[in-house]
Every structure is written in structure tokens, then in C-alpha cells.
């Protein structure tokens with residue numbers, strides 16, 4: 001496996017510029033996806049606040065509430081990852097047609113991006129879930 005600097009040195013200037021632009025667009029798309037996931041999770045928790053407060057008042061443990069939110073979010077992120085993996089060969093082919101560069105659809109970059117995305121999904125789910133699990137049921141019911 002070659003380092004990214006060696007790979008970039010093998011490319012000529014237009015290909016380097018194209019690779020940089022593609023990397024910036026891919027990073028921006030990942031950022032948009034993470035922000036969208038965060039907004040969706042916050043909305044999801046706001047809508048579930050009353051239900052979680054009632055469940056906690058009836059005896060559900062904070063661990064069970066935390067696990068429910070994290071598992072639901074990670075499952076949602078996993079479904080998105082599976083869809084992304086299904087479309088990866090087609091996206092690689094489209095990029096190859098546009099740039100003329102040969103792209104391996106399931107190369108190391110794909111797996112690294114997938115790992116980063118799933119880690120980010122967990123982190124985005126962890127903090128609101130922890131806050132929801134520690135909330136007092138009486139205060140949560142009173143706020144609504």
C-alpha cells in the first residue's frame with residue numbers, strides 16, 4: 001500500500017486538482033450527513049422526551065433508556081452505511097467517467113470513511129442519550 005503523498009506525486013497537476021476537489025466535496029458531504037443526523041437525533045429525542053419520562057417514572061432504568069437511543073441511532077447509521085456500500089461501485093464508475101482516473105470502489109478509503117462515519121454516528125448518539133437517561137422524570141414532564 002502506498003502512502004497518499006506517493007500517490008499524489010504520481011498524478012499530474014490536473015489530476016491532483018481534481019483529486020483535491022473531490023476530497024473537499026466528499027468531506028463536505030460527510031459533514032452535511034453528520035449535521036443532518038445530529039438534527040434528526042435531537043428532533044427524535046425531543047419527540048420522545050415525554051415517553052421516556054413516563055417510562056423512567058414507571059421504573060425503566062437510565063441504562064435501558066440510553067441503550068434504546070444509542071441502538072436506534074446506530075441502526076439508522078448502519079442502514080445508511082449499507083445503502084452507501086450498495087451505491088459505491090456506481091459512484092466510483094461515475095467518478096472514473098468524469099475524471100478519467102481509475103478508482104477502486106472498495107479500496108481503503110471507502111472502509112476508512114465508513115469507520116469514521118459509524119464512529120461519528122455513535123458519538124452523535126452518545127451525548128444526547130446520556131443526557132436523556134440522566135433527566136429527572138418530573139422535570140421532563142413539567143417542561144412539556
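The values are calculated or read from the model by the stated rules, or taken from the named source; none is laboratory data. Source: prediction; values computed, not measured. So basically every Cβ, Gly included, is an ideal-geometry build from the backbone, and we count neighbours across all protein chains shown.
Note on segment 97-108: residues that are surrounded by fewer than 14 Cβ atoms within 10 Å (Cβ to Cβ) and in a helix (DSSP H, G or I) amount to 3. Considering the conditions (1) outside any helix (DSSP H, G or I); (2) closer than 21 Å to residue 19 by Cβ, residue 116 is excluded by exactly one of them, (1).
Quick check on segment 23-65: of everything there that is closer than 19 Å to residue 91 by Cβ and touching a residue at least 40 places away in the same chain (Cβ under 8 Å), which residue is farthest from the chain's Cα centre (by Cα)?
From segment 23-65, those closer than 19 Å to residue 91 by Cβ are 23-34, 36; that's our starting set.
Right, trim to touching a residue at least 40 places away in the same chain (Cβ under 8 Å) and you get 26, 30, 33-34.
On the way: 26: 13, 30: 7, 33: 6, 34: 5 Å.
So the residue we want is 26.
When residues in segment 4-61 are screened for being part of a loop (DSSP other than H, G, I, E, B) and either surrounded by 13 or more Cβ atoms within 10 Å (Cβ to Cβ) or modelled with pLDDT of 75 or more (or both), 5 of them pass. Tell me whether segment 67-84 contains one or more residues that are farther than 23 Å from residue 33 by Cβ and not in a helix (DSSP H, G or I). Checking segment 67-84: not a single residue is farther than 23 Å from residue 33 by Cβ and not in a helix (DSSP H, G or I).
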